[in-house]
Amino acid sequence: MKHQQDFAMNQKTIIQSLADNQIRLALLDASLQEDLAAKQYYESLDQDHPDRRQLELFMDKAREHNLNLLKNQRRPAKIRQFKHIIPKLIKAAAIFLTVSALGLATAMAISPELRIQVLKLLINITPSYTQIIMEPKGDHLLSVPSEWGGNYYPSYIPEGYRFYAVSGEHPVRTTIYMAGDEKMLDFSEYSGTVVTHTDTEGYTLSEIELNGTIATLAEKEGKTKLIWAIADRYFILIITENAETAIKIAKSVEYIQNN
């Protein structure tokens with residue numbers, strides 16, 4: 001009996017390990033495809049194209065950043081440690097957006113909204129293989145600006161906020177909502193390869209649990225910043241509201257069907 005129990009436990013452990021490894025491979029493959037697309041865009045630019053120099057500067061900074069990560073990493077990282085690494089890197093005290101100088105176009109508030117299908121991850125484990133697939137989340141549709149090209153979007157926007165603009169394209173996308181002339185909601189999605197900084201001087205910083213991972217919360221005189229990661233993306237939410245509102249928005253962020 002004990003041997004049968006041990007065998008069953010070992011089989012369960014092996015199946016779980018296989019599932020974990022396949023998820024890792026799926027995330028790595030998605031990241032690789034994005035890197036290849038960025039490389040193709042760079043190679044398509046003329047030598048004197050203004051974006052070419054900006055992309056070179058960005059890639060140099062990203063390369064330096066990744067080398068520093070490798071030097072500091074003493075042992076293989078677990079998935080949970082990877083989820084923690086992005087928020088901890090962003091505790092800086094100066095504004096320096098590496099990719100903001102790319103001069104990307106901005107779509108203003110006249111942009112129509114799309115009703116986009118929200119997806120959920122389905123993992124089907126069998127003794128011989130593990131199937132990983134994104135399926136529609138019932139009939140749940142999310143209103144998203146038509147120019148938004150990101151993979152995630154908040155389903156909750158506080159009352160009184162109206163869509164103002166979308167800016168950027170891969171690897172950074174930002175959507176902005178305004179409430180009057182003084183209140184702003186700024187939600188940005190970043191590819192995991194992007195190195196950026198945000199101003200936290202004078203803010204009170206803390207770490208909170210958010211959807212099973214660790215997020216960095218910054219608070220200062222009615223303004224809140226929240227930084228967290230999902231899979232191979234990380235997000236910066238800036239809003240002129242309290243932390244409770246910011247957290248509610250972050251918890252509403254969902255993976256979307258973006259065709």
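Every number in this text was worked out from the coordinates using simple rules, so none of it is lab data. What you see is a predicted model, and the numbers here were worked out from it, not measured in a lab. Positions of Cβ are backbone-derived with ideal geometry, glycine not excepted, and every protein chain shown enters the neighbour counts.
Within segment 163-196, can you find the residues that are out of contact with any helix residue (DSSP H, G or I) (no Cβ under 9 Å at 6 or more places or on another chain) and either under 19 Å from Thr216 (Cβ atoms) or among the basic types (Lys, Arg) (or both)? Outline the logic, then answer.
Initially, segment 163-196 is screened for residues out of contact with any helix residue (DSSP H, G or I) (no Cβ under 9 Å at 6 or more places or on another chain), giving 163-167, 173-184, 186, 188-189.
Arg173, Thr174, Lys183, Asp186, Ser188, Glu189, listed by residue number.
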Positions within segment 144-164 being in a strand (DSSP E or B) and either at positive phi or within 19 Å of the chain's Cα centre (by Cα) (or both), in sequence order:
Val144, Pro145, Tyr152, Tyr153, Pro154
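If you check Lys183, Lys225, which single one turns out to be farther than 18 Å from Val253 by Cβ, basic (Lys, Arg) and in contact with a Ser or Thr (Cβ under 7 Å, 6 or more places away or on another chain)?
Details: Lys225 fails: farther than 18 Å from Val253 by Cβ.
The unique qualifying residue is Lys183.
Tally the residues that are farther than 19 Å from Ile157 by Cβ, crowded, with 18+ Cβ neighbours inside 10 Å and in contact (Cβ under 8 Å) with a residue 40 or more places away in the chain, restricting the search to segment 196-213. So that I can check it myself, show each step before the final result.
Of the residues in segment 196-213, the ones farther than 19 Å from Ile157 by Cβ are 196-209, 212-213.
With crowded, with 18+ Cβ neighbours inside 10 Å added as a condition, the list becomes 196, 198, 200, 203.
Next, from what is left, pick out any that are in contact (Cβ under 8 Å) with a residue 40 or more places away in the chain: 196, 198, 200.
The qualifying residues number 3.
Out of the residues in segment 227-259 meeting the condition of being in a strand (DSSP E or B) and over 12 Å from the mean Cα position of the chain (by Cα), tell me which one is farthest from Ser188 (Cα to Cα). Explain how you work it out, then say what you get.
Quick first cut of segment 227-259, residues in a strand (DSSP E or B) only: 227-230, 233-239, 253-256.
Pick out the ones that are also over 12 Å from the mean Cα position of the chain (by Cα) and you get 238-239, 256.
Numbers: Ile238: 9, Ile239: 12, Ile256: 15 Å.
That would be Ile256.
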Just one of the numbered conditions (1) at negative phi; (2) surrounded by fewer than 15 Cβ atoms within 10 Å (Cβ to Cβ) is not true of Ser191; which one?
(2)
